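To start, the structure under review is shown below, and the notes come after it.
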Amino acid sequence: FPYTTLFRSLLEMGKSRSRHEALLALDAMKDVFCQQAGMLPRDRKLRYVHQQPVNSLAGSTPEVRRQAALFWYFEESLKTVYLEIIKVAEILTQDPILHARERGCRLVYELLRANPLEQETNISALLANKLGDSERRLSSRIPFYFSELVNAHPRQLTTLAIESVRQVIDRPGVSDRTRYYALTFLVQIRLVRTNPAATAALLQIYLGLFK
């Protein structure tokens, strides 16, 4: 499969000590996942081979089983590569250079906005952690990212985003500035009858802060 071979080559570039080279490689992979329609399933997560519906092949011909196995192998490779991209981007978000951290955060934000069902928990937690970044220019940007994600995918990401931010707020010794940026995002969430879990979570956070 040419895509997986290309991605693995780009991943090696993404791990380069050269920030410029690493950013170019990550941006190239991000563009493929964000712009190529149908690259990832829209109604489910990517699956590993052992998660595929093997029983659905009962009674099928050897050729059908062979093609299914090839597609399943490709899907597993794609899932593995996608996870590796997030891991490399996470390292970038911890870079001592502000520009590199900003690019890393924007990259994972764009991936999650384009593909809200893949690695959503990891990306949401990664972004929430940056609410406490030492540079205000970056930490003040994170509430905007969360708001955009929730507005784009309210059903999939609202409760997850609230929980990720809550975990940061509840950490011992968290700064007032971090709480402030967290609340900047939380107060923008629209309460709806169809998502009582989000309403309950927000009330718990607000009451906890009042205490």
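Would you calculate the separation in nanometres between label points at ARG66 and ASN151, each defined as 7 Å from the Cα along the Cα-to-beta-carbon direction?
Here the modelled spin labels are 5.2 nm apart.
Using a simple charge model, +1 on the beta-carbon of Lys and Arg, -1 on the beta-carbon of Asp and Glu, nothing else, what dipole does region 94-150 show about its Cα centre, in debye to the nearest 20?
My answer is approximately 200 debye.
How big is the dipole moment of region 122-211 about its Cα centre under a simple scheme where the beta carbon of each Lys and Arg is +1, that of each Asp and Glu is -1, and everything else is neutral? Debye, nearest 20, please.
Value, rounded to 20: 120 debye.
Once you charge only the Cβ atoms, +1 for Lys and Arg and -1 for Asp and Glu, what is the size of the charge dipole of the chain about its Cα centre, to the nearest 20 debye?
Dipole of the chain, to the nearest 20 debye: 420 debye.
Please compute the Kirkwood hydrodynamic radius over region 27-121, one decimal place, Å, based on all pairs of different Cα atoms.
14.9
With a 1.4 Å probe and every protein chain kept in, tell me what percent of the accessible surface of region 3-63 is carbon plus sulfur.
So the carbon and sulfur contribution to the accessible surface is 53 percent.
What is the Cα convex hull volume of region 66-166 when expressed per residue in Å³?
Cα-based convex hull of region 66-166, divided per residue, equals 91 Å³.
Are any of the pairs LYS15/LYS45; LYS130/LYS211; LYS30/LYS87 more than 20 Å apart by Cα-Cα distance, and if so, which?
Where the Cα-Cα span goes over 20 Å, the pairs concerned are LYS15/LYS45; LYS130/LYS211.
May I ask for the angle, rounded to the nearest 10°, between helix 176-186 and the longest principal axis of the chain, with both axes built from Cα atoms and the value confined to 0 to 90°?
For 176-186 against the chain, the angle is about 60 degrees.
Which cross-chain or sequence-distant (5 or more) residues have an amide H under 5 Å from the amide H of GLU118, H modelled 1.01 Å from N in plane?
So GLU118 has HN proximity to no qualifying residue.
Quantify, in whole percent, the carbon and sulfur part of the accessible surface of region 78-164 (1.4 Å probe; protein heavy atoms only).
Reported share for carbon and sulfur atoms: 50 percent.
Name the trypsin sites (Lys or Arg not before Pro) in region 11-42 that are in a loop by DSSP and that have at most 15 other C-beta atoms within 10 Å, would you?
Hits after loop and neighbour filter: LYS15, ARG17, ARG42.
Note the direction-averaged projected area, equal to a quarter of the hull surface, for the Cα convex hull of the chain, in nm².
Hull-based average projected area comes out at 14.0 nm².
Do you know the relative contact order of the chain, to the nearest whole percent, from alpha carbon pairs under 8 angstrom that are 6+ apart?
16
Can you find, among GLY173, HIS50, ILE142, the residue sitting farthest towards the positive end of the charge dipole of the chain, where Lys and Arg contribute +1 and Asp and Glu -1 at Cβ?
After comparing all options, I get GLY173.
With the other protein chains left in place, how much accessible area per residue, in square angstrom, belongs to the chain at a 1.4 angstrom probe?
Ligands and nucleic acids excluded, the figure is 57 Å² per residue.
What FRET efficiency do you get for VAL32 and THR184 if R0 is 35 Å and r is their Cβ-Cβ distance, rounded to the nearest 0.05?
Efficiency, rounded to the nearest 0.05: 0.60.
The values are calculated or read from the model by the stated rules, or taken from the named source; none is laboratory data. Not measured: the values here are computed from a predicted model. Positions of Cβ are backbone-derived with ideal geometry, glycine not excepted, and every protein chain shown enters the neighbour counts. Remember, those area values only see protein heavy atoms, side chains included, never the ligands or the DNA or RNA. Shrake-Rupley method; radii C 1.70, N 1.55, O 1.52, S 1.80 Å.
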